[in-house]
Amino acid sequence: MTVREAADLLLKARKVVVFTGAGVSAESGIPTFRDALTGLWARFDAQALATPEAFEADPALVYGWYEWRRTVVGRARPNAAHTAIAKIEAAIPGTVVVTQNVDALHEQAGSVSPIHLHGSLYAPRCSSCAEPATPPDGPGDEPADGRRLTPPACEHCGAPVRPGVVWFGEALPMDALEAAVAAAADCDLLITVGTSGVVYPAAEIPQVAARFGAPVIQVNPLPTPLDDICTVNLRGPAAEVLPELVLSLPPTAAR
C-alpha cells in the first residue's frame with residue numbers, strides 16, 4: 001500500500017498513537033544495541049552491561065558506559081521523523097507518543113510528555129531506595145579513561161545512583177506500560193515507526209491497537225514480525241517517509 005492510503009487513514013483519525021523504536025533515533029546518529037560498539041568500548045557487549053547484575057558487580061564500569069552513552073545522545077539532534085511526529089501531535093490533539101527510546105529527542109522536537117516505556121537517560125535514580133536523583137545537565141563529559149566513572153551517592157540513603165533506564169531482566173515501569181496499553185486500546189490509528197517488533201512487552205502495543213480494531217501503519221526499512229497485523233506497511237527510513245505522510249495534514253496544522 002502507498003503513502004496516499006496511509007495519509008487517508010491519518011486524515012480520518014482523531015486518537016492517534018505513534019509508537020517509536022530505536023530506528024527513529026538511529027537516523028540522528030544514536031547507535032542502537034544491535035550496533036557494534038566502538039573505541040574503548042568495543043571489547044564490551046552492550047547487552048551484558050545493561051543488567052542489574054552488571055551494575056552490582058561493577059557500578060563504575062556500567063555508570064561510565066552510560067555516561068559515555070549519554071554524551072553521545074546529548075550531542076544528537078532531532079531528525080525529520082521526530083519533527084514530523086511532533087507535527088502530527090500538534091495537528092491531532094488526541095495523539096499520544098509512546099517510545100522505547102531513552103533519549104529526549106521527541107521532547108526536543110516538540111512532542112509533549114511522550115510515554116517512555118524503557119525509562120530515560122535523563123531520569124537517574126537511587127539503586128537502593130529508588131528516589132529520583134538530580135538529572136544530568138547538558139551532554140556531559142566522557143569519562144576520562146573511557147571506561148569507569150564512580151556513580152554519585154544518593155542524597156537520601158547514600159547508595160549508588162543508577163541510570164534511569166530499564167535494564168534487561170527488569171520490568172517496565174507499570175505506570176508507563178498501563179498508560180501505553182490504555183492509549184493503544186482507545187486509539188483509532190496506531191503508527192509504529194523504527195521498531196523491530198521483537199522486544200516484549202513493548203512489542204505488544206501495536207498488537208493491542210490491532211486487536212481493538214484500529215488500523216496500524218508501519219514505517220520501517222525492513223520487514224518485521226508486525227507486518228501481518230499492519231493495514232499499511234511503508235518501507236523506508238522514517239526521516240523520509242514520515243514527512244511525506246505529514247504533507248497530507250491541513251497546511252495550517254502541519255506547519
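Results, tabulated for the structure shown:
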| read-out | value |
| --- | --- |
| Region 196-224, residues that are modelled with pLDDT under 95 and more than 18 Å from the chain's Cα centre (by Cα) | LEU222, PRO223 |
| Hits in region 2-12 (condition: farther than 15 Å from ALA84 by Cβ and either of a type in the set (Ser, Thr, Tyr) or crowded, with 21+ Cβ neighbours inside 10 Å (or both)) | THR2, LEU9 |
| Checking ARG235 against (1) surrounded by fewer than 22 Cβ atoms within 10 Å (Cβ to Cβ); (2) farther than 25 Å from GLY29 by Cβ, the condition it does not meet | (2) |
| Output for region 106-121, where each listed residue is within 14 Å of ALA22 (Cα to Cα), part of a loop (DSSP other than H, G, I, E, B) and out of contact with any helix residue (DSSP H, G or I) (no Cβ under 7 Å at 6 or more places or on another chain) | HIS118, SER120 |
| Top-ranked residue in region 139-159 [being at pLDDT 85 or above and within 16 Å of TYR122 (Cα to Cα); ranked as surrounded by the fewest Cβ atoms within 10 Å (Cβ to Cβ)] | PRO152 |
| Matching residues in region 45-90 - criterion: being of a type in the set (Ser, Thr, Tyr) and part of a helix (DSSP H, G or I) | TYR63, TYR66, THR71, THR83 |
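The values are calculated or read from the model by the stated rules, or taken from the named source; none is laboratory data. The structure presented is a predicted model; accordingly, all values stated were derived computationally and were not measured. Quick reminder, even Gly has a Cβ in these numbers, built from the backbone with ideal geometry, and neighbours come from all protein chains shown.
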